[in-house]
Amino acid sequence: MLDVTSTDEIAAGAGARVRTNVVRLAAAQALTGANSAVIFATGAIVGATLAPDMSFATVPISMYVVGLAAGTLPTGAISRRFGRRAAFVIGTGCGTLTGLLGSFAILHASFTLFCVATFLGGLYGAVAQSYRFAAADGASAAYRPKAVSWVMAGGVFAGVLGPQLVQWTMDVWSPYLFAFSFLVQAAVALVAMGIVAGVDMPRPAPADLHGGRPLLTIVTQPRFIAAALCGVIAYPMMNLVMTSAPLAMKLCGLSLSDSNFGIQWHIVAMYGPSFFTGALIARFGAPRIVAAGLLLEAGAATIGLSGITAMHFWATLIVLGVGWNFSFIGASALVLETHRPQERNKVQAFNDFLVFGMMAIGSFSSGQLLANFGWSAVNMVVFPPALLGLVVLSLVSWARRRRARLEAAMGEFPDAI
């Protein structure tokens with residue numbers, strides 16, 4: 001009886017620790033998302049001001065995405081060697097440098113320094129991407145999708161805080177538009193550092209540093225391939241449209257307030273559904289939610305093709321955000337099904353490397369697409385990848401159901417198989 005009681009107490013303690021970590025990581029997600037919102041709301045506009053040519057206007061945002069890709073594998077390595085908390089603190093340090101250097105670059109009209117600042121912001125974002133996986137550490141299988149979802153829900157507050165931060169501060173150091181916004185961003189990152197420093201995640205046990213299957217064995221599973229491919233499609237396609245939208249709105253004669261409003265509600269739409277996405281995954285399964293998300297992203301592109309009024313841009317960004325939420329959180333939940341606990345850091349980091357590596361490639365093309373072919377071309381690009389994701393997801397899900405039926409039949413009629 002004592003043993004049972006002790007086991008129950010340990011389980012209860014672990015559950016309380018997981019829930020506390022989820023709250024902290026959700027708060028950190030909100031603050032980190034506010035920082036990235038500043039970059040997405042201002043990056044193309046500042047780039048157009050500082051760049052030698054209009055076609056380079058989105059390069060600062062592309063450098064942010066390059067930072068995301070470059071930071072994923074180091075984040076996994078640091079988490080694996082020193083624990084997730086060390087990686088979190090280093091990431092928020094990069095976020096602080098982003099704000100300080102970005103403000104300095106605007107004040108001194110340096111396009112190169114501004115790109116370095118946004119690259120550091122990408123490194124910060126790469127660390128923050130691991131928050132959703134960290135929330136699942138130690139959680140039960142049933143609670144993992146909800147833990148991921150609740151951390152992502154912290155981004156709702158980012159959608160309110162980030163664009164409003166830009167709105168309140170963009171003219172403080174006039175005529176240096178957005179210079180003070182980046183300085184405030186540095187302060188927000190410092191607050192996030194204090195929050196993540198309190199996350200209770202012990203360093204990995206020595207046995208976990210070299211345990212588990214080879215990475216190649218894990219990532220060649222059809223389930224992982226489908227999950228990674230859907231993530232590779234969902235995030236880069238969302239980023240392609242979102243990156244171009246503020247500059248496209250400006251080129252269409254819309255105001256900065258219209259742009260900030262669109263980005264704000266886009267971010268709310270990205271993270272708002274997270275309050276129930278985990279429950280939807282538990283009820284309907286991750287593959288169906290991913291499929292719904294990809295269809296919504298295609299729907300957003302359709303809206304973008306139908307007009308260039310403020311309402312069209314806002315509707316495109318909102319539907320795009322919801323689609324990203326379903327497809328990306330669903331794909332993340334699928335990744336969690338493909339690895340064992342001791343394999344998590346390397347598998348999760350590799351997944352994010354694939355997602356943000358492809359996102360970086362696509363991001364560099366967004367400025368060229370917009371400058372040379374217009375807003376319609378940006379939206380047209382979304383359709384083929386979304387269709388590919390739906391086809392692969394359907395094939396893998398069908399194969400898994402078929403295998404399950406065969407295994408069930410083998411169990412019921414062993415002599416017939």
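The values are calculated or read from the model by the stated rules, or taken from the named source; none is laboratory data. Just so you know, these numbers come straight off a predicted model, no measurement behind them. Methodologically, a virtual Cβ is constructed for each residue, glycine included, from the backbone with ideal geometry; neighbour enumeration extends over all protein chains shown. Note: accessible area is taken over every heavy atom of the protein model, side chains too, but ligands, DNA and RNA are not part of it. Shrake-Rupley method; radii C 1.70, N 1.55, O 1.52, S 1.80 Å.
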## Note on the structure
Residues in the range 54-97 that are part of a loop (DSSP other than H, G, I, E, B) and under 18 Å from Val116 (Cα atoms) total 2
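Would you please name the residue that is farthest from Ala331 (Cα to Cα), looking only at residues in the range 260-277 that are among the polar types (S, T, N, Q) and either modelled with pLDDT of 85 or more or surrounded by fewer than 24 Cβ atoms within 10 Å (Cβ to Cβ) (or both)?
So the residue we want is Asn260.
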### Task
Examine the range 394-409 for a residue that is closer than 13 Å to Ile233 by Cα, at pLDDT below 80 and surrounded by fewer than 15 Cβ atoms within 10 Å (Cβ to Cβ), and state whether such a residue exists.
no
### Query
On the given criteria, is Ala315 surrounded by fewer than 21 Cβ atoms within 10 Å (Cβ to Cβ), small (Gly, Ala, Ser) and at pLDDT 80 or above?
yes
### Task
Spot the failing condition for Ile225; the list is (1) at pLDDT 85 or above; (2) buried (at least 20 other Cβ atoms within 10 Å of the Cβ), and only one is missed.
(2)
### Query
Before we move on, is Ala187 surrounded by 15 or more Cβ atoms within 10 Å (Cβ to Cβ), modelled with pLDDT of 80 or more and among the small types (Gly, Ala, Ser)?
no
### Every residue from the range 157-172 that is modelled with pLDDT of 85 or more and surrounded by fewer than 17 Cβ atoms within 10 Å (Cβ to Cβ)
Trp168, Val172
### Task
Please name all residue pairs, on different chains or six or more residues apart, with Cβ atoms under 8 Å, provided the first residue is in the range 278-297 and is modelled with pLDDT of 90 or more and the second residue is surrounded by fewer than 17 Cβ atoms within 10 Å (Cβ to Cβ).
Ala291/Ser394
### Query
Could you list, in sequence order, the residues of the range 47-78 that are closer than 27 Å to Asp171 by Cβ, in contact (Cβ under 8 Å) with a residue 40 or more places away in the chain and open to solvent by 10 Å² or more (accessible area, probe 1.4 Å)?
Ala48, Thr49, Leu50, Ala51, Pro52, Met54, Phe56, Val59, Met63, Tyr64
### Query
Does Thr118 satisfy the condition of being polar (S, T, N, Q) and either outside any helix (DSSP H, G or I) or open to solvent by 20 Å² or more (accessible area, probe 1.4 Å) (or both)?
no
### Task
Tell me which residues, restricted to the range 339-354, are open to solvent by less than 10 Å² (accessible area, probe 1.4 Å) and at pLDDT 85 or above.
Val347, Asn351
